[in-house]
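Heads up, the thing below is written out as structure tokens.
The values are calculated or read from the model by the stated rules, or taken from the named source; none is laboratory data. Being a predicted model, the structure only gives us computed values, none of them experimental. Counting neighbours? That spans all protein chains shown, and the Cβs are built from the backbone with ideal geometry, glycine included. Accessible surface areas use protein heavy atoms only, side chains included; no ligands, DNA or RNA. Shrake-Rupley method; radii C 1.70, N 1.55, O 1.52, S 1.80 Å.
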Amino acid sequence: MTDAAALLSTLRARQVRLWIEDAQLKCSAPVGALDTGLREALASRKQEIMTLLLQAEALKNGPASIVPIKPEGCRPPVFAVSGHGGDVFRLLPLARHLHAEQPMIGVQPPGLDGTEPLKSVETLARYEIEQIRRYRPYGPYLIAGHCAGGTLAFEVAHQLVAAGQEVALLALIGSPFPTMFGRGSLMWLRISGYAKALTPAAFARRLRLRIERHKAEAAVGLAALSASQRVESATVAAVRSYRPRPFPGQIDLFVTADRWHRSHLWRAFAATIREHHIGEFEVNDLLLGPNVSMLAASFQGRLNQLQTADVANSPAKRRLRLGHG
């Protein structure tokens, strides 16, 4: 979506190596790899390229809240804000199924290290925006959130726009409307889940997910598990209390088969809304199960539309993607 990203992709394909040394952009290229057009493009996009290289370096030394779910690639990164448990790695299978040049950067909330978790969606959003903008100071931004993280992504996008930044994508993936995190709704969900588990297929699925969860809990240890549970409790309470207000841009709503989400309620809070229905699969099956490729195809399709539209709006961008000056 940026000239520099497209140019870096072309240079990488031609085995051209770029790095920063003494605040200067350095280049090493095989003989004949850089034609006149690429040399001119490289000179004209020097500062943008240096910014992208510095961002890559920031992943190594940046804040602990920035997590490189999939750091590789020259396209603008998707920033995946945390779900209610603070675990951004639930999106790792999705990230692995995206385009090879599409990075995904996770943003975790405070509290996973045992410190006090934040207790309002607005405060969480301010914190995560600080982390995002330390890594990438200016938009356009691609923001995504799953489950309760959809509400956080919504507020992050709100605050970014209010700060004068462009949000090119606001993707809510299997995201219930905030009111569905009320105690009554969650109790009904728990009871209905028990009823559905009586079928052999559903019982096997729940058993598989429980085994996977127990393995994950054993791996992280009791202290980390306790911290994660505190973050989850605080975040669910924050989402339950959140009152969304109309968003001036577009929401991309990735709708799963979880009827309790009542995701249609988001329609009233966007200037425009684009719905992507992902078959008859629940969000956990799409994120963690064998059907993740279906979600990835739909999500990647939307990213490709943004990429194509951006290139189509600028003849220069089209020339750079083709490797011409």
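Things worth noting here:
- Amide H to amide H, with H built 1.01 Å from N, residue 275 comes under 5 Å of 253, counting only residues 5 or more places away or on other chains.
- Calculated FRET efficiency for the pair residue 99/residue 119, C-beta based, R₀ 35 Å, to 0.05: 0.40
- Residue 270 sits among other residues whose Cβ lies under 13 Å from its own Cβ, and their net charge, with Lys and Arg +1 and Asp and Glu -1, is +1.
- Phi to ³J(HN,Hα) by Karplus 6.51 cos²θ - 1.76 cosθ + 1.60 over the stretch 115-126, Hz, x for Gly, Pro: 6, 6, x, 6, 10, 9, 5, 4, 5, 4, 4, 4
- Averaged per residue, the stretch 74-120 has 35 square angstrom of accessible surface, using a 1.4 angstrom probe with ligands and nucleic acids left out.
- Under-5 Å amide H pairs with residue 257, H placed in peptide plane, nonlocal only: 281, 282, 283
- ³J(HN,Hα), Karplus 6.51/-1.76/1.60, whole Hz, each residue of the stretch 277-286, x for Gly, Pro: 8, 9, x, 9, 10, 7, 4, 5, 5, 6
- Share of carbon and sulfur in the accessible area of the stretch 4-156 stands at 51%, probe radius 1.4 Å.
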